[in-house]
Amino acid sequence: MITYNIRTLELLCQEKDDLEIAIQNILDIDIDNKPNSPIDNLKTIPGVSDKTIAPILGECRKLNRFKSAKAFIGYLGLYPTLYQSGNSSVTGRLAIRGIPIAKHALYMAVVSSVRHNIEMLKLFRNKVSRGKSKKEALIIISKKLATIIYSIFKYNTPYNPNRVFIPYRK
């Protein structure tokens, strides 16, 4: 029984490795055909890698089909729910709608971006210092990262933090 489980686990690990190689080959083919491809430009964002790009593009297909970054964020389901009754309205947690695989990949990319991108770390600390919880701050930053991904894919330009993060005037 134990040897059967070990063989099954080894087979699943081998299939996982084969799948990751196939995904990498698909991403590399897109890069090889175009000298300045959107996938290559998306990799310039600190914290975003193939494991983020593949689920987002796999689930959402071409990002050019969305009219705006707001439509892309809505498709991912990164908006709060709203409960209204009479004169009272309460915003709740994130919407259940959306694509969980892409949403999770984006959330993990945000966690990585906060660790490796100085501008995202400053934005995270700013939101937390203003009273947001850490998870709320990460969701706000995931909306920002989704907007960055949409813009880079749409305009086919590499990541430039000077264009994305405008310094605050005091």
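The values are calculated or read from the model by the stated rules, or taken from the named source; none is laboratory data. Every value quoted in this text rests on a predicted model; they were computed, and no experiment measured them. Note that we place each Cβ from the backbone using ideal geometry, even for glycine, and neighbour counts take in every protein chain shown.
Take the conditions (1) at pLDDT 85 or above; (2) more than 18 Å from ASN156 (Cβ to Cβ); PHE72 misses just one of them, which is (2).
Once region 125-142 is narrowed to residues that are part of a helix (DSSP H, G or I) and of a type in the set (Ser, Thr, Tyr), the residue that is nearest to PHE72 (Cα to Cα) is SER142. Screening the candidates ILE39, ILE45, ILE31 for the property of being modelled with pLDDT of 85 or more and under 21 Å from TYR150 (Cα atoms) yields one hit, ILE45. Looking at the structure I just gave you, is ILE148 touching a Leu at 6+ places or on another chain (Cβ under 8 Å), assigned by TED's automatic domain parsing to the domain that holds ASN64 and buried (at least 17 other Cβ atoms within 10 Å of the Cβ)? No, not satisfied. In region 118-130, the qualifying residues are those that are of a type outside the set (Lys, Arg) and more than 14 Å from the chain's Cα centre (by Cα), and the one that is nearest to PHE165 (Cα to Cα) is GLU119.
Just to check your reading of the model, which residue among SER142, SER113, SER151, SER129 is polar (S, T, N, Q) and without any contact (Cβ under 8 Å) to a residue 24 or more places away in the chain? From the options SER142, SER113, SER151, SER129, the qualifying one is SER129. Taking the numbered list (1) of a type outside the set (A, V, I, L, M); (2) part of a helix (DSSP H, G or I); (3) at pLDDT below 90; (4) over 13 Å from PRO46 (Cα atoms) in turn, THR147 passes all entries but (3). Going residue by residue through region 53-71, is there one that turns out to be among the aromatic types (Phe, Trp, Tyr), closer than 12 Å to LEU145 by Cβ and either in contact (Cβ under 8 Å) with a residue 12 or more places away in the chain or touching a helix residue (DSSP H, G or I) at 6+ places or on another chain (Cβ under 8 Å) (or both)? Looking for residues that are among the aromatic types (Phe, Trp, Tyr), closer than 12 Å to LEU145 by Cβ and either in contact (Cβ under 8 Å) with a residue 12 or more places away in the chain or touching a helix residue (DSSP H, G or I) at 6+ places or on another chain (Cβ under 8 Å) (or both), one finds none in region 53-71, hence no. Would you confirm, using the coordinates I've provided, whether ALA137 is crowded, with 16+ Cβ neighbours inside 10 Å and touching a residue at least 24 places away in the same chain (Cβ under 8 Å)? Criteria not met by ALA137. Inspect all residues belonging to region 113-124 and state whether any of them is assigned to a loop (DSSP other than H, G, I, E, B) and under 22 Å from SER49 (Cα atoms). Looking for residues that are assigned to a loop (DSSP other than H, G, I, E, B) and under 22 Å from SER49 (Cα atoms), one finds at least one in region 113-124, hence yes.
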